[in-house]
Amino acid sequence: MIESTLSELESRAAASIDAAATPDSLETARVEFLGRKGALASIGKDMGKLPPEQRAVVGKMLNAVKQSLESQFDSKKAAFDKAALDSRLAAEWLDVTRPAPGVRPGSLHPLTLIQRELEDYFTSLGFAVVDGPEVETEWHNFDALNIPATHPARDAQDTFWVEGGHVLRTHTSPVQVRAMEKFGAPLRIIAPGRVFRNEEVDASHEHTFYQLEGMMIDRDVSIAHMLYFMKGLLEAIFSREVTVRLRPGFFPFVEPGFELDIQCLICGGPGCPVCKQSGWVELLPCGLVHPNVLRAGGIDPDQWNGFAFGLGLTRLVMMRYAIDDIRHLASGDLRFLRQF
Ligand code: PHE
């Protein structure tokens, strides 16, 4: 009697496991038949009323039914789990063979771009690229360059003085002296780098900016040589012919000294806001090296002479790319930097 109930129960349970179309209905079937208060459990309870011989037989049968149903349930559940995983994988697939999107390539700062172009130009002409300290001795920054103690640049108003009498170099010219000390004559060097002045910052002034110093020392160097190199450097940067003019300019470390102007590349001469209506832009102070400077560098001015220049690299960059505010250069603003 109990045996037939059991086998009837088994086939009903098997049918509803089989019929379960969703994980939820499968779970409902499990609770109904295999749960703690399910059909098999209640038969188990009734077994206590049976005589001992029959109890053993029914007990075995009950266990067999239970194991069979459990394994049917497990395999159906595994099938549901696999189907769920498959559909998730189909929805969320990732093509690992696709090329990675990669990082956005960076770009060089416009100052670096122009500095490298100038380095290429000058190294092709036999110049070496040299470097000097940004915290400089007073001697290298001023005295060796024939700058007297009374010169306004030596004032604390214009120059950042460092404790101990050093200065943040106000120009790249001290590298002239260091190069003469190190290499002697003949000499062809350029020295690009940062310089510092105690300036109020506005659209065209920064306390920190870049220059590119140049110096050539040889026998019988003339202003014509100097002009040749200066014109060449400007044409290399602007990739076109440029018109230049020399005006007298005073710098204690050159004699004669000049301001080399370039005819405005924006208006070509008649005058515009960039050249402040003059038709010319001041770009390149230069001159023949003062004998006192050669002497300070350990070079005999009776044997050697040379020219030197101090290109305003920051200003050149602003002109070449028509940058209207010097503060863009160190802003770190990616919208600015990505244009180069
Ligand atoms: N050192 C000068 C300045 O910063 C520029 C300069 C360099 C002038 C070399 C003449 C020769 O203003």
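The values are calculated or read from the model by the stated rules, or taken from the named source; none is laboratory data. The structure displayed is predicted, hence computed values, not measured ones. Note that we place each Cβ from the backbone using ideal geometry, even for glycine, and neighbour counts take in every protein chain shown. With ligands, DNA and RNA removed, areas are computed over all heavy atoms of the protein, side chains included. Shrake-Rupley method; radii C 1.70, N 1.55, O 1.52, S 1.80 Å.
Looking only at residues in the stretch 232-266 that are under 18 Å from N146 (Cβ atoms) and part of a loop (DSSP other than H, G, I, E, B), the one that is nearest to the ligand (Cβ to nearest atom) is F251.
Within the stretch 329-340, the set of residues being open to solvent by less than 60 Å² (accessible area, probe 1.4 Å), touching a residue at least 40 places away in the same chain (Cβ under 8 Å) and part of a loop (DSSP other than H, G, I, E, B) comprises L329, F340. The residue that is nearest to the ligand (Cβ to nearest atom), counting only those in the stretch 171-185 that are part of a helix (DSSP H, G or I) and open to solvent by less than 40 Å² (accessible area, probe 1.4 Å), is Q176.
Here E199 meets each of (1) under 31 Å from the mean Cα position of the chain (by Cα); (2) within 13 Å of the ligand (Cβ to nearest atom); (3) within 20 Å of M215 (Cβ to Cβ); (4) open to solvent by 10 Å² or more (accessible area, probe 1.4 Å) with one exception, condition (3).
Would you call M226 out of contact with any Lys or Arg (no Cβ under 7 Å at 6 or more places or on another chain) and within 13 Å of the ligand (Cβ to nearest atom)? Yes: the conditions hold for M226.
Residues of the stretch 216-253 that are among the charged types (D, E, K, R), more than 24 Å from D302 (Cα to Cα) and open to solvent by 70 Å² or more (accessible area, probe 1.4 Å): K231, R240, E241, R245, R247. If you go through the stretch 103-119 and keep only what is more than 18 Å from I326 (Cβ to Cβ) and free of Cβ contacts under 8 Å to residues at least 24 places away in the same chain, you end up with V103, R104, P105, G106, R116.
Identify, from the list L69, L145, L62, L50, the residue that is surrounded by 14 or more Cβ atoms within 10 Å (Cβ to Cβ), touching a residue at least 24 places away in the same chain (Cβ under 8 Å) and in the same structural domain as L187 (by TED's automatic domain parsing).
Sole residue among the options that is surrounded by 14 or more Cβ atoms within 10 Å (Cβ to Cβ), touching a residue at least 24 places away in the same chain (Cβ under 8 Å) and in the same structural domain as L187 (by TED's automatic domain parsing): L145.
Counting only helices (runs of 4 or more DSSP H) wholly contained in the stretch 1-57, the ones carrying 2 or more residues that are farther than 16 Å from K77 by Cα occupy 2-19, 39-46. Filtered by the rule that a residue be away from the ligand (no atom under 11 Å from the Cβ) and either touching a residue at least 60 places away in the same chain (Cβ under 8 Å) or more than 15 Å from F253 (Cα to Cα) (or both), the stretch 296-308 gives A296, G297, G298, I299, D300, D302, Q303, W304, N305. Taken together, W161, W139 contain a single residue that is under 26 Å from P252 (Cα atoms), open to solvent by 70 Å² or more (accessible area, probe 1.4 Å) and within 16 Å of the ligand (Cβ to nearest atom), which is W139.
If the condition is being closer than 30 Å to R240 by Cβ and open to solvent by less than 30 Å² (accessible area, probe 1.4 Å), then the stretch 290-317 contributes G306, F307, A308, F309, G310, L311, G312, L313, T314, L316, V317. Restricting the first member to the stretch 309-328 and to residues that are under 17 Å from K231 (Cα atoms) and assigned by TED's automatic domain parsing to the domain that holds S173, and the second to residues that are open to solvent by less than 70 Å² (accessible area, probe 1.4 Å) and away from the ligand (no atom under 13 Å from the Cβ), the beta-carbon pairs closer than 6 Å and six or more apart or on different chains are V317/P110; V317/L111; V317/I114. Selection over the stretch 72-114 of residues that are in a loop (DSSP other than H, G, I, E, B) and either in contact with a Phe, Trp or Tyr (Cβ under 7 Å, 6 or more places away or on another chain) or surrounded by 11 or more Cβ atoms within 10 Å (Cβ to Cβ) (or both) gives a count of 3. Summed over the stretch 153-169, the residues that are in a loop (DSSP other than H, G, I, E, B) and either hydrophobic (A, V, I, L, M, F, W, C) or free of Cβ contacts under 8 Å to residues at least 12 places away in the same chain (or both) give a count of 5. Residues considered: V293, V281, V221. Of these, the only one that is within 16 Å of the ligand (Cβ to nearest atom) and part of a strand (DSSP E or B) is V281.
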